[in-house]
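Data first, discussion second: the structure below is written as structure tokens.
The values are calculated or read from the model by the stated rules, or taken from the named source; none is laboratory data. Here the structure is a predicted model, which means the values were calculated and not measured. Please note: Cβ atoms are built from the backbone with ideal geometry, for glycine as well, and neighbour counts cover all protein chains shown.
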Amino acid sequence: MNNLPEPSPSRSSPSSATKLMEKALWSSRWMMMLAVAANIIGAGIVICMVMADFVHLLQVVAQVLLSAETLAERRIEILLTLIEVVDQGLLAGVLLIFGMGLYELYISKIDAAEGYCTQSKLLIITSIDQLKSKLGSLIIMILVVKFFSYSLSLKVTTPEDMLMYAASVALLGAALFLTNSKRGNQS
């Protein structure tokens, strides 16, 4: 009574051309190693930038301690450099997590990560949604640090400036709340 044709015996076993095509498609996942390498190398470059900024920070602090300058004169420079170090550290984390996530999604599971990440599953990625969620959280933190950096040099001169600043802080708080509440629901 069924109008569908019966599967032919040749359809049950793929042809050699189909096997070859499937093997080529499966092997194409190795192209993602370029993206993985670029992200890991990028994280290393950003870490080098962090170290350079940290050395600069130490030099500024040493100048303040060894000279007649007061801390108040260099306070903003010290804070901005420290914030930049934190910001770049978060960016290095984004690149590292993204590179490792791509590797786990497309190439192979990182077996060594499971032995070391028993407390935090930060580097274990099992789906693209999980990768996006972890990256989204880090990007929100980068934005928070950048906002803090900009707020240090903000000059509030009118009530409208204060209102805009307060609204910005409220929106930032809402973004953090929504990010954390979403993570709490996933656990």
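Structure data summary
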| read-out | value |
| --- | --- |
| R74 without any contact (Cβ under 8 Å) to a residue 24 or more places away in the chain, surrounded by 10 or more Cβ atoms within 10 Å (Cβ to Cβ) and basic (K, R) | yes |
| Condition check for L105: closer than 24 Å to L154 by Cα, under 25 Å from the mean Cα position of the chain (by Cα) and surrounded by 12 or more Cβ atoms within 10 Å (Cβ to Cβ) | no |
| Top-ranked residue of segment 133-158 - restricted to ones that are among the basic types (K, R) and either touching a residue at least 24 places away in the same chain (Cβ under 8 Å) or in a helix (DSSP H, G or I) (or both), ranked as surrounded by the fewest Cβ atoms within 10 Å (Cβ to Cβ) | K146 |
| Tally of residues being among the small types (G, A, S) and over 19 Å from L91 (Cα atoms) across segment 27-63 | 3 |
| Within segment 1-25, considering residues that are modelled with pLDDT under 85 and not polar (S, T, N, Q), the one nearest to L105 (Cα to Cα) | P14 |
